[in-house]
Amino acid sequence: MRKRLSLKCCLIWFGIPLTVWLTFNLFSWHLKLTADWNQPNRLKLRAKKTLLVRKDSLKKENGGESPKFEQQCEALSEVFNKALVKRYNVTVLHSLGVVLSPEDQKLRDEGYQKFAFNALISDKIGFHRAVPDTRFPKCRDVKFPSIDLDASIVICFFNEQPSALLRTVHSVIDQTPPELLKEIILVDDSSTLDDISCQIETYVNQHLKNVKFVRTPERQGLIRARVFGANHASGKVLVFLDSHCEVNTDWLEPLLLRISHDPSTVVVPVIDMINHDTMEYQSSPLVRGGFNWGLHFRWDQLPASMQSDPELGLKPIPSPTMAGGLFAMRKDYFHHLGEYDLGMDIWGGENLEISFRIWMCGGRLEIIPCSRVGHIFRKRRPYGNPAGGDTLIRNSLRVAHVWMDEYKEYFLKQRPQAGHLDYGDISDRVSLRKHLSCKSFQWYLKNIYPEQVVPGQTNNVEIYHHFPRNQLRKEPVIIRHGQLTHVDSSLCVQSEKKPYTKKALLTLAACDTKTLDGQKSQMWYETVDSQLLLAQLLCLDVESGMVGKSYARLMKCHGNGGSQAWTWTDKGETSLLYNPASGKCLTVTAATEGGNLFLDLCTGTKEQAFRLS
Ligand code: UDP
Ligand code: MN
């Protein structure tokens, strides 16, 4: 009896908790498994679907199954398997950028010169990669109905870096349901780097069936090149993309769905950032488009009313303007609305022109938060204007005269040099505005952009915040601090000037642990994002696009990794400080007081050994 009782007790006291514990663990293990595998599975499923469609068309081409067909299928599967599971995390991307040889150095330096981003990493990534799914979780549950529209993707390029361009094209093919993709129109705007034109044309003709390669008769600039591309398109919807983008999961469906509900809505995806130094794909905050009176595009914080909307992140966001490079609209609506101003040259201003035109002439412009496309934001534009001169200011002048009525005076006041410029004939655009019975600019400001501050008028809507795209505004999270010592010389790294002086170079000095001043000017703070801040003020940085010797310097922290990321890397006994933007390691020019710090190939010599303590 006692025995039976204790057995029962055992069962109750241990058995039940054990079962509960086991069930809980099994459940959370299952959850973890589904969460971890969620994304690759989606990609594999999509890949499988695309593969099946491709195999089907191969079968038709071959007139049924045959050994040749089998062989082709196998090759295709291999390409797919290799291509779509390539998923790079930040550490792998950093290691792809290591400069190992003079050839790497050349590729990198020339890449920065010609294309203004890191061509070495871009080439190593190749034409396919799976980018992180940056959508809000609620977007992932959306089920799309079948959509009765197809899209022509128009990608214009001038002297684009080939692997970035082909990754753009392949990412569209890999991530778009075939039934929605009518074609890709690749417009070569008469690139002058000859091998690029030929290289791309040959590749497209040999490997890509659904891609039309067209070339402008002479350099047109992105505005006329887009119209040229649109005229070659046969899909119901036109989607314009820059030539250095990568699209995200289910990027096209939400854009088309919105257009299918309202044919006069022009839609823009959220533009994620691809870091120009490291090719990291980084999520962008939800912001919308605005402009200042110098007619520069800017990103604005969402008005408070939108931020508190429980459907934020799912619902379309009306936007006063668009950034310009990436958007979708019906092809018939594009023509109806007057395409673009063909009198505009090369680059700039067309985004505000089409934004004003859309709103003032009866359409809508919206950002679709569940659609995300990454774009390489470069620090400079690598090409010029064959005719010389600033095309942005001349194009903006046309915008002001056609669309802004009396408000153009604010632009002319901001940019007095514009007043004397010849902006060409605008009569066609003025009559287009009349013909479309477009509303006034005052109406636009009052109804679409009431947050805009008009000089001399008090704005009673709300205080508005504007910020540069690249500024994520992350507070640095410090993980440790100490002096940065060059091991061999036992000297400490400090600024050549005051610790708050921007662009100051770094130098070696005797370590000063005694005076407060010495401690401050030699105290480095390492953050979770691998930044190194001197005196918690400025970040250790390197001019990443430099050709030749690049020096370490202090700059305002930008929070985007790349030129300000420093990862400790062990090589034998030595701890090196690797900088992923330059692909090189921190090195002293001379192991003496006054020696400077520059970036050199990571060889692990004593010039490169540091410690933070
Ligand atoms: N582009 C073009 N012809 C030109 C200038 C630019 O076709 O004369 C292309 C360019 O290759 C890119 C797109 O137009 O695909 C937008 O230009 P860019 O990326 O330089 O503009 P940003 O993104 O820097 O504003
Ligand atoms: Mn671009």
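In the range 227-250, which residues are crowded, with 23+ Cβ neighbours inside 10 Å and either among the charged types (D, E, K, R) or within 16 Å of ligand 1 (Cβ to nearest atom) (or both)?
Gly229, Leu238, Val239, Leu241, Ser243, His244, Cys245, Glu246, Val247
List pairs: first in the range 251-264 and open to solvent by 10 Å² or more (accessible area, probe 1.4 Å), second in a helix (DSSP H, G or I) and at pLDDT 95 or above, Cβ under 7 Å, 6+ apart or cross-chain?
Pro263/Tyr333; Ser264/Tyr333
Considering only residues that are open to solvent by less than 10 Å² (accessible area, probe 1.4 Å) and part of a strand (DSSP E or B), look in the range 289-306 and name the one that is nearest to Tyr407 (Cα to Cα).
Ranking the candidates gives Phe291 first.
Would you check if there is a residue in the range 545-559 being of a type in the set (A, V, I, L, M), at pLDDT below 95, open to solvent by 10 Å² or more (accessible area, probe 1.4 Å) and part of a loop (DSSP other than H, G, I, E, B)?
Checked against the condition, which is being of a type in the set (A, V, I, L, M), at pLDDT below 95, open to solvent by 10 Å² or more (accessible area, probe 1.4 Å) and part of a loop (DSSP other than H, G, I, E, B), the range 545-559 yields at least one hit.
Among the listed residues Trp443, Trp403, which satisfies the condition of being of a type in the set (A, V, I, L, M, F, W, C), more than 16 Å from ligand 2 (Cβ to nearest atom) and touching a Lys or Arg at 6+ places or on another chain (Cβ under 9 Å)? Please lay out each step first, then the result.
Values: Trp443 fails: touching a Lys or Arg at 6+ places or on another chain (Cβ under 9 Å).
Within the list Trp443, Trp403, the selection yields Trp403.
For the range 373-399: of the residues being away from ligand 1 (no atom under 12 Å from the Cβ) and either of a type in the set (D, E, K, R) or assigned to a helix (DSSP H, G or I) (or both), which is nearest to Glu353 (Cα to Cα)?
So the residue we want is Val399.
Among the residues of the range 415-438, count how many are in contact with a Leu (Cβ under 8 Å, 6 or more places away or on another chain) and not charged (D, E, K, R).
Of the residues in the range 415-438, 5 are in contact with a Leu (Cβ under 8 Å, 6 or more places away or on another chain) and not charged (D, E, K, R).
Kindly provide the set of residues from the range 320-339 that are within 16 Å of ligand 1 (Cβ to nearest atom), part of a loop (DSSP other than H, G, I, E, B) and at negative phi, ordered by number.
Residues satisfying the conditions are Met322, Ala323, Gly325, Leu326.
Restricting the search to the range 307-319, which residues are open to solvent by 50 Å² or more (accessible area, probe 1.4 Å), assigned to a loop (DSSP other than H, G, I, E, B) and either of a type outside the set (Gly, Ala, Ser) or at pLDDT 95 or above (or both)? Even if it seems obvious, please write down each step before you answer.
Residues of the range 307-319 open to solvent by 50 Å² or more (accessible area, probe 1.4 Å): 307-308, 310-312, 314-315.
Cutting the leftovers down to assigned to a loop (DSSP other than H, G, I, E, B) gives us 308, 310-312, 314-315.
Those that are open to solvent by 50 Å² or more (accessible area, probe 1.4 Å), assigned to a loop (DSSP other than H, G, I, E, B) and either of a type outside the set (Gly, Ala, Ser) or at pLDDT 95 or above (or both): Pro310, Glu311, Leu312, Leu314, Lys315.
If I go through the range 416-431 residue by residue, how many of them are open to solvent by less than 50 Å² (accessible area, probe 1.4 Å) and modelled with pLDDT of 95 or more? First the steps, then the outcome.
Here is the first cut: in the range 416-431, the residues open to solvent by less than 50 Å² (accessible area, probe 1.4 Å) are 418, 424, 426, 429.
Among the residues that remain, those that are also modelled with pLDDT of 95 or more are: 424, 426, 429.
Number satisfying all stated conditions: 3.
Mind checking which pairs have a first residue in the range 237-250 that is closer than 12 Å to Asp272 by Cβ and touching a residue at least 60 places away in the same chain (Cβ under 8 Å) and a second that is within 11 Å of ligand 2 (Cβ to nearest atom) and open to solvent by 10 Å² or more (accessible area, probe 1.4 Å), Cβ under 6 Å, 6 or more apart or different chains?
Cys245/His375
Give just the number: which of (1) within 16 Å of ligand 2 (Cβ to nearest atom); (2) open to solvent by 40 Å² or more (accessible area, probe 1.4 Å) does Gly324 not satisfy?
Failed condition: (2).
Check off (1) away from ligand 2 (no atom under 16 Å from the Cβ); (2) under 27 Å from Val270 (Cα atoms); (3) open to solvent by less than 10 Å² (accessible area, probe 1.4 Å) for Asn210 and give me the number that stays unchecked.
(3)
Can you say whether Gly384 is surrounded by fewer than 19 Cβ atoms within 10 Å (Cβ to Cβ) and either at positive phi or among the small types (Gly, Ala, Ser) (or both), as far as the supplied structure shows? Walk me through how you get there before you give the answer.
Values: surrounded by fewer than 19 Cβ atoms within 10 Å (Cβ to Cβ): yes; either at positive phi or among the small types (Gly, Ala, Ser) (or both): yes.
The answer is yes for Gly384.
Check whether at least one residue in the range 349-356 is within 16 Å of ligand 2 (Cβ to nearest atom), more than 21 Å from Leu432 (Cα to Cα) and at pLDDT 95 or above, and report yes or no.
No; the residues of the range 349-356 include none that is within 16 Å of ligand 2 (Cβ to nearest atom), more than 21 Å from Leu432 (Cα to Cα) and at pLDDT 95 or above.
Within the range 188-199, can one find any residue that is open to solvent by less than 10 Å² (accessible area, probe 1.4 Å), within 25 Å of Trp251 (Cα to Cα) and outside any helix (DSSP H, G or I)?
Step one: filter the range 188-199 for residues open to solvent by less than 10 Å² (accessible area, probe 1.4 Å), giving 188-189, 196-197.
Now drop any that are not within 25 Å of Trp251 (Cα to Cα), which leaves 188.
Applying the additional criterion that residues be outside any helix (DSSP H, G or I) yields 188.
Taking every residue of the range 188-199 in turn, at least one turns out to be open to solvent by less than 10 Å² (accessible area, probe 1.4 Å), within 25 Å of Trp251 (Cα to Cα) and outside any helix (DSSP H, G or I).
Within the range 265-286, how many residues turn out to be away from ligand 2 (no atom under 16 Å from the Cβ) and either open to solvent by 10 Å² or more (accessible area, probe 1.4 Å) or without any contact (Cβ under 8 Å) to a residue 40 or more places away in the chain (or both)?
First pass over the range 265-286, keeping only residues away from ligand 2 (no atom under 16 Å from the Cβ): 265-267, 278, 280, 283, 285-286.
Next, from what is left, pick out any that are either open to solvent by 10 Å² or more (accessible area, probe 1.4 Å) or without any contact (Cβ under 8 Å) to a residue 40 or more places away in the chain (or both): 280, 283, 285-286.
So the count comes out to 4.
The values are calculated or read from the model by the stated rules, or taken from the named source; none is laboratory data. These numbers were taken from a predicted model, which means no experiment stands behind them. Here the Cβ is made from the backbone with ideal geometry for all residues, glycine too, and neighbour counts use every protein chain on show. What goes into the accessible areas is simple: the full protein's heavy atoms, side chains included, and nothing from ligands, DNA or RNA. Shrake-Rupley method; radii C 1.70, N 1.55, O 1.52, S 1.80 Å.
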